[in-house]
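Q: Dropping the structure in here first, questions after.
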Amino acid sequence: MSLSNKRLLVRATALAAVAALALAGCSSKGSTGNNSSGGSTTITLFNGSVGNFTENFNPLLSTGAELQPSQGVIYETLYYYNMARAQKPVPVLATGYSWNSDGTQLTITTRQGAKWTDGQAFTAQDVAFTFTLFQNNEGLNTTGAKWTAKATDDHTVVLTFPSTSFTLEPQLLGNMAMVPEHIWSKISDPAKETNINPVGTGPYKLKSFSAQSYVLTRNTDYWGTGDQAPKIDNVRYISLANADAATSALESGQIDWMGSYLPTLKDIVKQHPTLSYVNTPDSLTSVFTCSNAAMGCKGPQTDPAVRQAILYAMDRAQLNTQAVAGFAGPGSMAMLVPSVNGENIVDQANASLPQSADVAKAKSLLEADGWTMGSGGYYTKGGQELDLTINVVTGWTDYDTDCTLLQGQLKAAGIKLSVNQVAQNAWSQAEVSGNFQLSLNSINPGASPSPYFIYNNYLSSTNTAKAGDNATTNVSRYSNAAVDAAIKDASATNDAAKQKADYGIIQAQIAKDMPYIPIYVNQALTQFNNSRATGWPTPDNLYAFPEPWKSWDNGIVLKAIRPAKS
Amino acid sequence: MRFYLQKVLFYVVALWFAVTLNFLIPRLMPGNPVDILISKMGAAGQPVTPATRRALEIQLGTGGKGNWFTQYGQYLNDLIHGQLGASLVNHPAPVTEVIGQALPWTIALIGLSTVIAFLLGVGLGVFAGWRRGSWLDNLVPATTMFQAVPYFWLALILVLFFTRWHQWFPYAGGYDVTTTGPSLSTQFIGSAIYYGFLPACTIVLSSIGGWMLGMRNMMVATLSEDYVLAAEAKGLRPRRVRLTYAARNAVLPSLSGFAISLGFIVAGSIVTEQVFSYPGVGQLLWTAVSNDDYALMQGIFLVISLSVLAANLIVDLLYGLIDPRTRARA
């Protein structure tokens, strides 16, 4: 490049910068609100998406590649299971269901009058087809169970199972999107389908798509009427990279619905009267322990007395205030969320957790177990210091704060804790392979609020493996014959009273063994802007789990909200 | 001719090396994508059962079959046919499509601002070196200060000031999604420039100092050369001495630095794109790494290595033109 050309370029870039500034001046006026013209209401939703969207509206997937509104907003399930409070399943595309007495046959009555967005009627044949589709594609069937599905008339479907299958109910009814037979029967590999022209029964349908944002519009032929009909015209989905951008978006009124942990949320809401929030703690933050020496776990935490001592040495009130700004809810010894599952906790002694540290009790538990105080201020046994290492994901700031605080709290009780901050990949691999002592994680609910799923996933010895092999969900390597028998017994019935008795047996065992040491029920904060839409879930009326990233619940909330009067 | 042949041969070997490293590095990372997916599903309140793991493994495929040697052969073969596999995060979208979506944003933003920073920095450096001790020369420490401040800090301060305290610029995104969409309309391009202005400013501000300082010092050194003195003695106009005699020689080291930074344009700036939620390759790479999306990582690394090599090759060849000395053999 000759130098005179270069001079020209410098001039050209200077000009471009001036032009950009001029344009900036123009467009900054035009880009404030989200309300489009013509009196229609558009709300904007941020569900945690980062970066570009890739077009994929396949509701049968579970890889996270499917755009989230595919599940619950564009496509619907037969029933809706509310995880935010104790509530019976809500009918969606089915109006009734019943089990035979031994739990091998499920009869479903499908909704009449529902239509696919291409105008065709929704029938029991579509339901039978969808269930068969899941059955024929091993990769889509996340239950791993076997069944046959048959439509016996236009609005009845019968599912038949080889063995007692009561526990499959929430997954089948509440977690499987119904797809139209006339479209999906022509798709050769449904697991690889991206379904860019989705045809569902849901309250909204796809309007426009670009990699930075997509818009759904109200389905005017939706089966629901009155309260059950969608009332907001358009819903826009956007992506943002970080919580700062989300805060900016919320405060400037450009986002109507989002779910982020914002430590200063109370102040933000005070300053902006149109904003509101709801907190629905739902997963139990706990110290996961590799608890079972017989399964190959190594370290002092394999001793139940050490786990008990940790339970009492924790100052939960301090952890809550400092790690999550006091937004966490109280947990329980029973590994359940008391606000959702209180009635399933049999012994009230297990319904709560000590909120402040009881150092004396922690110490006496250790001493009764043969630990003696060493010269370094830590307990020792057989020449070994009581020294534990906890894994935590770097950058998960609330967890990182918890670990730092725990280090001090446990020290007061004579337990040495080293914090090992690792990347998420390494953290999860350590848990799955059993190559850890302690790990900070959370106990998540299953397909329905039923305690069965938590107990089966986290405690059953069928879901674990020896350290060194990959455990499926029970990473603590916990194995207890009494618990296994109770889990099996609870799965064989749908009599709530009988199940509760089984849960009581399990709760008594885990209060003693403590394979997962609960801390608190972690916050789940959702923020709303009430200036364009109202009727969002409130603490008094949690008709759905309010987080915008929650599949299925999303559709329920979008049906319930209505334009704000202006 | 021999000079160019040698260069090309060198780049072929470098390419093979880059491609091979690209194959190895993701395989040495711990963890596997299914575990990450399962912990995410659990956190998002989706039911996770033991069968879920098996189903996910089937959906995503269990990765390469056979030992590393056969995998390597397969990898090279796919590469030659332009196949980079399917992204796991966006399964089953092909990696090429996912990268293709992000690449234009990065090239436009980081590319333009790198070029602007280089031209401005070198241009100012020429004058600062020519008039030592002038006000322009005193600007050098000020610009290097911006470079010394950690980049993310500078970016965050600008975000706080220009998007929060004064809402003059948008805080996130590539364009205004509510009023326009990707097209060649003036409205879209205007919106994209408006949204890209602040991130571009941070890049220019933080990198201009280096170019300016380097160029200024080279100018000072070159101006004391005998041929500059000779040119002045001949009575040539100062402008001609400044540009054709001094600057042409002084710019050479900056030019090779520029080649390297051009190559890294494609890598994007992970920090810029994170701070400004900009939809480019840097953010994509971040997503790929945090989800163990090997195919996507490999694809991005490949694009980065190729562009660094290509930029270097081009400048190497150009260098031969600008500076005939490099062609001569010792």
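The values are calculated or read from the model by the stated rules, or taken from the named source; none is laboratory data. The structure presented is a predicted model; accordingly, all values stated were derived computationally and were not measured. In this analysis, Cβ positions are derived from the backbone assuming ideal geometry, glycine residues included, and neighbour counts consider all displayed protein chains.
Q: Going through B:Arg27, B:Arg54 one at a time, which residue ends up being among the basic types (Lys, Arg) and either modelled with pLDDT under 80 or not in a helix (DSSP H, G or I) (or both)?
A: Details: B:Arg54 fails: either modelled with pLDDT under 80 or not in a helix (DSSP H, G or I) (or both).
Answer to the check: B:Arg27.
Q: Given the condition closer than 30 Å to A:Ser208 by Cβ and within 11 Å of another protein chain (Cβ to nearest Cβ), answer yes or no: does some residue in the range B:146-158 qualify? Break it down stepwise before answering.
A: Step one: list which residues in the range B:146-158 are closer than 30 Å to A:Ser208 by Cβ, which gives none.
No: zero hits.
Q: Here's something else I'd like to know. Of everything in the range A:237-283 that's facing chain B (nearest Cβ under 9 Å) and charged (D, E, K, R), which residue is farthest from the chain's Cα centre (by Cα)?
A: The residue in question is A:Glu251.
Q: Next question. So is B:Leu112 within 12 Å of chain A (Cβ to nearest Cβ), closer than 30 Å to B:Gly214 by Cβ and modelled with pLDDT under 90 or not?
A: Judged against the criteria, B:Leu112 is a match.
Q: Let me ask you something else. So, in the range B:1-34, of the ones that are within 14 Å of chain A (Cβ to nearest Cβ) and without any contact (Cβ under 8 Å) to a residue 40 or more places away in the chain, which residue ends up surrounded by the most Cβ atoms within 10 Å (Cβ to Cβ)?
A: The selected residue is B:Val34.
Q: Now for a different question. Checking A:Thr472 against (1) closer than 23 Å to A:Ala86 by Cβ; (2) buried (at least 19 other Cβ atoms within 10 Å of the Cβ): exactly one of these is not met. Which one?
A: (1)
Q: In the range B:90-116, how many residues are aliphatic (A, V, I, L, M) and surrounded by 24 or more Cβ atoms within 10 Å (Cβ to Cβ)?
A: 5
Q: Residues B:Ser206, B:Ser191: which one is touching a Ser or Thr at 6+ places or on another chain (Cβ under 7 Å) and part of a helix (DSSP H, G or I)?
A: Answer to the selection: B:Ser191.
Q: So A:Val483 ticks every box in (1) part of a helix (DSSP H, G or I); (2) at pLDDT below 95 but one. Which box is left unticked?
A: The one condition A:Val483 does not meet is (2).
Q: Additional query: Take the residues in the range B:155-171 that are touching a residue at least 24 places away in the same chain (Cβ under 8 Å) and aliphatic (A, V, I, L, M); name whichever of them is surrounded by the most Cβ atoms within 10 Å (Cβ to Cβ).
A: Taking the candidates together, the pick is B:Ala155.
Q: Then there is this: What residue, of A:Ala496, A:Ala490, is buried (at least 24 other Cβ atoms within 10 Å of the Cβ) and of a type in the set (Gly, Ala, Ser)?
A: A:Ala490
Results for (1) in contact (Cβ under 8 Å) with a residue 60 or more places away in the chain; (2) closer than 25 Å to B:Leu60 by Cβ, shown as yes or no for each residue.
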position: A:Asp126; (1), (2): no, no
position: A:Gln135; (1), (2): no, yes
position: A:Trp147; (1), (2): no, yes
position: A:Val158; (1), (2): no, no
position: A:Thr167; (1), (2): yes, no
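Q: Further question: Looking at this structure, is A:Asp227 surrounded by fewer than 21 Cβ atoms within 10 Å (Cβ to Cβ), at pLDDT below 95, under 30 Å from A:Val199 (Cα atoms) and more than 14 Å from chain B (Cβ to nearest Cβ)?
A: yes
Q: Looking at the range A:444-462, which of its residues are surrounded by fewer than 21 Cβ atoms within 10 Å (Cβ to Cβ) and either facing chain B (nearest Cβ under 8 Å) or among the β-branched types (Val, Ile, Thr) (or both)?
A: Listed by number, the list holds a single entry, A:Thr462.
Q: Any residue at all in the range A:284-291 that's within 14 Å of another protein chain (Cβ to nearest Cβ), buried (at least 22 other Cβ atoms within 10 Å of the Cβ), in contact with a Lys or Arg (Cβ under 9 Å, 6 or more places away or on another chain) and in contact (Cβ under 8 Å) with a residue 24 or more places away in the chain?
A: Checking the range A:284-291: not a single residue is within 14 Å of another protein chain (Cβ to nearest Cβ), buried (at least 22 other Cβ atoms within 10 Å of the Cβ), in contact with a Lys or Arg (Cβ under 9 Å, 6 or more places away or on another chain) and in contact (Cβ under 8 Å) with a residue 24 or more places away in the chain.
Q: Right, next: How many of the residues in the range A:226-253 are assigned to a loop (DSSP other than H, G, I, E, B) and over 24 Å from B:Val271 (Cα atoms)?
A: Of the residues in the range A:226-253, 6 are assigned to a loop (DSSP other than H, G, I, E, B) and over 24 Å from B:Val271 (Cα atoms).
Q: OK, next. Can you name the condition, by its number, that A:Gly39 falls short on among (1) in contact with a helix residue (DSSP H, G or I) (Cβ under 8 Å, 6 or more places away or on another chain); (2) surrounded by fewer than 17 Cβ atoms within 10 Å (Cβ to Cβ); (3) more than 22 Å from A:Ser448 (Cα to Cα); (4) free of Cβ contacts under 8 Å to residues at least 60 places away in the same chain?
A: So A:Gly39 meets the others, but not (1).
Q: Might you let me know whether the range A:64-80 holds any residue that is part of a loop (DSSP other than H, G, I, E, B), at pLDDT 90 or above and surrounded by fewer than 21 Cβ atoms within 10 Å (Cβ to Cβ)?
A: For the range A:64-80, residues part of a loop (DSSP other than H, G, I, E, B), at pLDDT 90 or above and surrounded by fewer than 21 Cβ atoms within 10 Å (Cβ to Cβ): absent.
Q: Condition check: of a type in the set (Asp, Glu), without any contact (Cβ under 8 Å) to a residue 40 or more places away in the chain and surrounded by fewer than 16 Cβ atoms within 10 Å (Cβ to Cβ). Does A:Asp153 satisfy that?
A: Yes: the conditions hold for A:Asp153.
Q: Restricting the range B:280-317 to residues that are within 13 Å of the chain's Cα centre (by Cα) and hydroxyl-bearing (Ser, Thr, Tyr), which is surrounded by the most Cβ atoms within 10 Å (Cβ to Cβ)?
A: B:Ser305
The rows are residues; the columns are (1) under 15 Å from A:Thr44 (Cβ atoms); (2) over 27 Å from the mean Cα position of the chain (by Cα).
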{"position": "A:Thr167", "(1), (2)": "no, no"}
{"position": "A:Glu181", "(1), (2)": "no, yes"}
{"position": "A:Pro190", "(1), (2)": "no, no"}
{"position": "A:Pro203", "(1), (2)": "no, no"}
{"position": "A:Gly226", "(1), (2)": "no, yes"}
{"position": "A:Val235", "(1), (2)": "yes, no"}
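Q: Please go through the range B:210-244 and give me each residue that is under 11 Å from B:Gly129 (Cβ atoms), away from chain A (no Cβ under 14 Å) and of a type in the set (A, V, I, L, M, F, W, C), ordered by number.
A: Residues satisfying the conditions are B:Leu213, B:Met218, B:Val220, B:Ala221, B:Leu223.
Q: Same structure, new question: Within the range A:85-96, track down each residue that is part of a loop (DSSP other than H, G, I, E, B) and surrounded by fewer than 22 Cβ atoms within 10 Å (Cβ to Cβ).
A: A:Arg85, A:Ala86, A:Gln87, A:Lys88, A:Pro89, listed by residue number.
Q: Oh, and also: Pick from B:Gln74, B:Gln101: which is more than 14 Å from chain A (Cβ to nearest Cβ) and either in a helix (DSSP H, G or I) or at positive phi (or both)?
A: Values: B:Gln101 fails: more than 14 Å from chain A (Cβ to nearest Cβ).
Only one candidate passes the filter, namely B:Gln74.
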